[in-house]
Amino acid sequence: MAHVVEQLAHASGLGDIFDKVQNEERLTFDDGVRMFESRALMAVGAMANIVRERKNGNRAFFVRNMHLNPTNVCTVDCKFCGFYRPYRNKELGWTWSLERCLDEVRRRLEEPLTEVHIVGGHNPDLPYEFYIDLVRGIRESRPDMHVKAFTAAEYDFFAKRFKKPLDEVLEDFKAAGLGSLPGGGAEVLVERVRQEIYKKKISAERWLEVTERAHGHGLRSNATMLYGHVETLDERIEHMCRLRALQDRTGGFMCFIPLAFHPENTELSHLPGPTGFDDLMTVAVSRLMLDNFDHIKAYWIMISPRVAQTALNMGADCLDGTVVEEKIVHMAGAKTPAGLSMDALLRLIREAGRDPVQRDSLYNELQTFGAPAIA
Ligand code: V47
């Protein structure tokens, strides 16, 4: 098989990159840009598959999770976001009470979920105790549920808003039962992009600093990249190189998730958003560049179940999960379902020739699945 990939890579002018992949050598910034610019999806995808299988064999992971978005009122005004309502018009958005949030979790007690993923707007009306009590309340009503909550951008907001040292904030959340951090808020870790479309959000340096501190407190996290808007291919690679450098220092990242930009209902609605080709290429290039990340997630919510399934053969080893009631991209025009059943995920994975593995939030295996019963 390797010689077929080698031929493909040579035919696309990427033979030297193939050699590095085979020898497990780190790829350079220029290698990353060249792979994107080659448009050689078959070659890049096949090389990414080598790394994917080296790291994760034939396994493809999913998690049984739900999302919770306590508020979409936000002071940051990111141009790419269709989810938020500006604080100055806060009556147009929602801000749920603690009880309402806890009810969202409690009403699913019968469902075999293992994770709740919580993110929201930067809403100055909510007190510190709201966030802490939310994490603690979920853990009390459902001790088996892992709380993956709030992005590095939100922890920075909490520290500033409540005038507390970041380390104290992180320790308070840990003591309340926080399990890990989702990867959002990173967008593209390049100042030029920030200035253009989210200039009030924390800088790349601060996102990396908050994340490093969280890792230092023993909290693991994910990392995302929002692509397909105003960023260049070089800037995508710069983003990946910055994450890779931090991972060298901390080892705290679990997975990388490329997030396909959805333009509807945003200030960037004139942009077309990425294509399926770009979705697959971005998964494949990230698998090859992020040699120190164990997992690459093809988030089916953003790139569709069909493309995510295909990505399982081009670098991705995880589809995220059942995701009950996704709002962030559905408010930006996503046409995907707001959730998938476990059977639907199993079918996607099996038809891609992979072995489904239900994981917990830290990528421990919970359940493997044999071949489907023949009808
Ligand atoms: O940070 C916002 C993105 C992120 C849009 O860690 C948009 O496992 C596309 O981070 N089009 C939040 N994307 C979601 C997120 C996430 C999702 C799934 C799994 C994990 C994980 C993390 O959503 C934001 C932003 O980058 N986003 N608006 C939009 N219009």
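The values are calculated or read from the model by the stated rules, or taken from the named source; none is laboratory data. This one's a predicted model, so the numbers in the text were calculated from it and none came from an experiment. As a convention, Cβ positions derive from the backbone with ideal geometry for all residues, glycine included, and neighbour counts pool all protein chains shown. Note: accessible area is taken over every heavy atom of the protein model, side chains too, but ligands, DNA and RNA are not part of it. Shrake-Rupley method; radii C 1.70, N 1.55, O 1.52, S 1.80 Å.
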Practice problem: Kindly list the number of the only condition in (1) touching a Leu at 6+ places or on another chain (Cβ under 9 Å); (2) outside any helix (DSSP H, G or I); (3) away from the ligand (no atom under 12 Å from the Cβ); (4) under 19 Å from residue 52 (Cα atoms) that fails for residue 349. | Solution: (2)
Quiz item: On the given criteria, is residue 46 in contact (Cβ under 8 Å) with a residue 40 or more places away in the chain and away from the ligand (no atom under 15 Å from the Cβ)?
Solution: yes
Quiz prompt | In region 190-229, the residues that are within 13 Å of the ligand (Cβ to nearest atom) and not aliphatic (A, V, I, L, M) | solution = 194, 198, 201, 207, 211, 220, 221, 222, 224, 227, 228, 229
Quiz prompt | Which listed residue is modelled with pLDDT of 95 or more and farther than 24 Å from residue 246 by Cα, from 362, 288, 312 | solution = 312
Self-check item: Long-range neighbours under 6 Å by Cβ, at least six apart or interchain, first residue of a type in the set (A, V, I, L, M) within region 89-104, second open to solvent by 50 Å² or more (accessible area, probe 1.4 Å) and part of a helix (DSSP H, G or I)
Solution: 98/133
Quiz item: How many of the residues making up region 335-360 are surrounded by fewer than 16 Cβ atoms within 10 Å (Cβ to Cβ) and among the hydrophobic types (A, V, I, L, M, F, W, C)?
Solution: 2
Practice problem: Being among the charged types (D, E, K, R) and at positive phi is the filter here, so list the residues in region 26-67 that pass it. | Solution: 39
Quiz item: Among 271, 246, which is the only one that is open to solvent by less than 10 Å² (accessible area, probe 1.4 Å), over 15 Å from the mean Cα position of the chain (by Cα) and either not assigned by TED's automatic domain parsing to the domain that holds residue 18 or not basic (Lys, Arg) (or both)?
Solution: 246
Quiz item: For region 1-57, how many residues are touching a helix residue (DSSP H, G or I) at 6+ places or on another chain (Cβ under 9 Å), loosely packed, with under 14 Cβ neighbours inside 10 Å and in a loop (DSSP other than H, G, I, E, B)?
Solution: 6
Quiz item: Checking residue 34 against (1) over 30 Å from residue 155 (Cβ atoms); (2) in the same structural domain as residue 186 (by TED's automatic domain parsing); (3) of a type outside the set (Asp, Glu), which single condition isn't satisfied?
Solution: (2)
Quiz prompt | Whichever residue in region 197-237 is closer than 26 Å to residue 267 by Cβ, in contact (Cβ under 8 Å) with a residue 40 or more places away in the chain and charged (D, E, K, R) and, among such residues, is surrounded by the fewest Cβ atoms within 10 Å (Cβ to Cβ) | solution = 200
Practice problem: Among the residues of region 235-272, count how many are closer than 16 Å to residue 188 by Cα and more than 16 Å from the ligand (Cβ to nearest atom). | Solution: 5
Quiz item: Right, residue 232: outside the structural domain of residue 33 (by TED's automatic domain parsing), more than 15 Å from the ligand (Cβ to nearest atom), under 26 Å from residue 331 (Cα atoms) and not charged (D, E, K, R) or not?
Solution: yes
